[in-house]
1. Between helix 121-131 and the chain, what is the angle of the helix's C-alpha long axis to the longest principal axis, kept within 0 to 90° and rounded to the nearest 10?
2. What is the fewest-to-most order of 50, 223 by other Cβ atoms lying within 10 Å of their Cβ?
3. In what order do 81, 39 fall by count of nearby beta-carbon atoms within 10 Å, going from fewest to most?
4. Sticking to Cα atoms, compute the Rg of segment 178-223 to one decimal and its Dmax as the biggest Cα-Cα distance, whole number, in Å.
5. Working from Cα positions, state the angle (0 to 90°, nearest 10) between the long axis of helix 239-258 and the longest principal axis of the chain.
6. Angle, helix 95-108 long axis vs. longest principal axis of the chain, Cα atoms, 0 to 90°, nearest 10?
7. Please give the net charge around residue 212, taking every other residue with its beta carbon less than 13 angstrom from that of residue 212, where Lys and Arg add +1 and Asp and Glu add -1.
8. Which value does Rg/Rh take for the chain over its C-alpha atoms, Rh per Kirkwood?
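Quick note: the coordinates plus some simple rules give every number you see, no bench work behind them. All values reported here derive from a predicted model rather than from experimental measurement. Cβ sites come from the backbone with ideal geometry, for glycine too, and all protein chains shown count toward neighbours.
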Amino acid sequence: MKSTLSHVLAIVCIAVPLHAGAQVSNPFEGDARAIRAGERLYANRCAACHGADGKGATGPDVTMLWLEGTNDEAVFDTIREGVDGAVMPPSFAPDEELWAMVAYLRDISTVPPFDAGDGDAEIGREIFAANCGECHRVNGAGGTLGPDLSNIAAVRSREALIGSIRDPSAAMALGYRTVTLVAANGERIEGVVKGEDAFSIQVVDTDARLQGYLKANLRRFVHEDESLMPRFGRLRLSERELDDLLAFLATQRVDASAAH
């Protein structure tokens, strides 16, 4: 007989005390079976708001929580109690299911130390301003169309960042997927999707304005396969320039952490 998630978690948590006491640690920390179960639970219950990868959609990026100084118990309590004044409701699921989701979120939030390489951060600052600053922010300065990169070196590996720069269309995060809309008057709008349901779509356009549209009032809308961010191939950004840019982004991790 095929095991259910509850059966898997019941087996994993035998003889493991759960959320009882004032200060507890996650009984499933590092447990591969529980993390896999937590991934499935998260996909069913949380991904619609927080993104399939946890990087945020209509809800916030939950992979940043540990970076911002929280701990497993605080995340557990937030899931259990919900968030007052927000759309996140309390959960009445068994403790072991919530701990499994916390274990999964912590697992995907852990990245190896960022390899800053031997680039020149000051030159990288100039490269960022010339090529990235119109759409991305660091420490409060820059554009808002793309993700804030203030702490990117703490939550992405060097290899992942290089991949995103060289080929941004290969993996577009939820909240930054490209859409093209044609309004009833023929106006063409390009932007990134921030929210969508059966009747409406919310987009940040290329002028960084958040706009909402009823689908019934659009001539058409198309989810594009290409990111609004251009590819920065070697002819556009040399390996040396890429090293400098990554060195600059690595310094922003230090600046952003100092704010907490």
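1. Roughly 70 degrees, rounded to the nearest 10.
2. Lowest to highest Cβ neighbour count: 223, 50.
3. Details: 81 12, 39 18.
Ranking 81, 39 by Cβ neighbours within 10 Å, fewest first, gives 81, 39.
4. Computed over the Cα atoms of segment 178-223, radius of gyration and Dmax are 9.3, 25 Å.
5. Tilt relative to the chain: about 50 degrees.
6. Its long axis makes an angle of about 30 degrees.
7. For residues surrounding residue 212, the net value is 0.
8. Checking Rg against Rh, the ratio lands at 1.01.
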